[in-house]
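Participant: Below is a structure I'd like to ask you about.
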Amino acid sequence: MEDAEKFELLRELNKIYEIEDLETSAVDLEISREDTMFVEGNEDHYFHVGLSALKCISMSLSCAQRDKSEMKNILDFPSGWGRELRFIKAYFPDAEITAGEIEEKALRFCRDQFHAGTLLSDNDFSHMPITEKYDLIWCGSLMTHLNENKAKKLLGFFFSALNKDGILCFTTHGRYSKYLLDTEKYLYDLEKAETGPLKRQYEATGYGYVNYKGSNDYGVSIIKPSWIIGLLEKNEDWEIILCNEKSYDNHQDVVACLKRPVSDIPRRPWFDRWIAQRKCPKSLYDP
């Protein structure tokens, strides 16, 4: 597909997502031949996923009542070969963008093609160095492959890497993925026999996981929204701002939270005037 056709495709796809302040002409269209997320001739789905990620990020900003101009430092983790990074770069042209990835060749591509900073991932997220702090972290389809312990470590890393009032937006396999497994419409590269333990764990604990064959710490997870919310609730410095099922690629659930104490009440002049007019004790509204 020629670049002119790709740009026309982007414009048509964005009519679905209606990201009005995205300059589609600013999106870098170069796709690495080593990008395993891309299937030749399937540009429509490849770009659809990138736009879907950007729409999820845009919704998170709206829920946090933040403007995109406030996002000065952004981490895409994992970046892969730039499927979503190219859209983040176009949407936040003035931000410093960092690609985080465990595959060094993919990092080099993102650095050279998109002029992104790089963060080499460790297999143990608790050992990840915090060299920078971010205003926004996007994590598309990583927790979908982690066991419960690694998922908790990943969230711990993200919390440490965010600035105060920073936004985390990540995706999970949820109830729709359970439906796909139950109906055998999609088995996530698992054998049918392997899906039984996965679904039983999901029903029993809220978090189901099985390894891919040949791996001892990478596979498929399905997670109840209530499990994710329950985990985030335990940290009083996470403010949950979004939980939207199937909103990433019409498939994965999206969760977003703000690194802000739940006791932190933003000051609004109209609210203070309202309290004063009714002679309400402020202690009723302030922690």
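Participant: Could you quote the convex hull projected area for region 21-138, Cα atoms only and averaged over all directions, in nm²?
Facilitator: If you wrap the Cα atoms of region 21-138 in a convex hull and average its projections, you get 7.5 nm².
Participant: What percent antiparallel are the DSSP beta bridges of the chain, to the nearest 5?
Facilitator: 55 percent
Participant: Which value, in Å² rounded to 10, gives the accessible area of W227 with a 1.4 Å probe and all protein chains present?
Facilitator: Around 40 Å² of this residue is reachable by solvent.
Participant: Dividing the Cα convex hull volume of region 96-206 by residue count, how many Å³ per residue is that?
Facilitator: It comes to 133 Å³ per residue, whole-number rounded.
Participant: Please report, in Å, the Rg and the Dmax of the chain, where both are computed over Cα atoms only.
Facilitator: 20.1, 67
Participant: Per residue, how large is the accessible surface of the chain? Use a 1.4 angstrom probe and give square angstrom.
Facilitator: 50 Å²
Participant: For A276 paired with K234, estimate the spin-label separation in nm (one decimal), with each label point 7 Å from Cα along the Cα-to-Cβ line.
Facilitator: 4.4 nm
Participant: Counting other Cβ atoms within 10 Å, which trypsin sites (Lys or Arg not before Pro) in region 184-256 have at most 12 and lie in a DSSP loop?
Facilitator: K185, K213, K234
Participant: H48 accessible area, nearest 10 Å², 1.4 Å probe?
Facilitator: Rounded to the nearest 10, the figure is 30 Å².
Participant: Expressed as a whole percentage, what fraction of the accessible surface of region 95-181 belongs to carbon and sulfur atoms when a 1.4 Å probe is rolled over the protein heavy atoms?
Facilitator: Taking all protein chains in place, region 95-181 shows 47 percent carbon and sulfur surface.
Participant: Also, I was wondering about something else. Taking the convex hull of the Cα atoms, report for region 148-260 its projected area averaged over all directions, in nm².
Facilitator: 7.2 nm²
Participant: Right, here's the next one. Considering only protein heavy atoms and a 1.4 Å probe, what is the carbon-and-sulfur percentage of the accessible area of region 23-75?
Facilitator: 45 percent
The values are calculated or read from the model by the stated rules, or taken from the named source; none is laboratory data. Fair warning: this is a prediction, and the values are worked out from it, not measured in the lab. Cβ atoms come from the backbone with ideal geometry, glycine included; neighbour counts cover every protein chain shown. The protein model used for the area step is the full one, side chains on, heavy atoms only, and it has no ligands, DNA or RNA in it. Shrake-Rupley method; radii C 1.70, N 1.55, O 1.52, S 1.80 Å.
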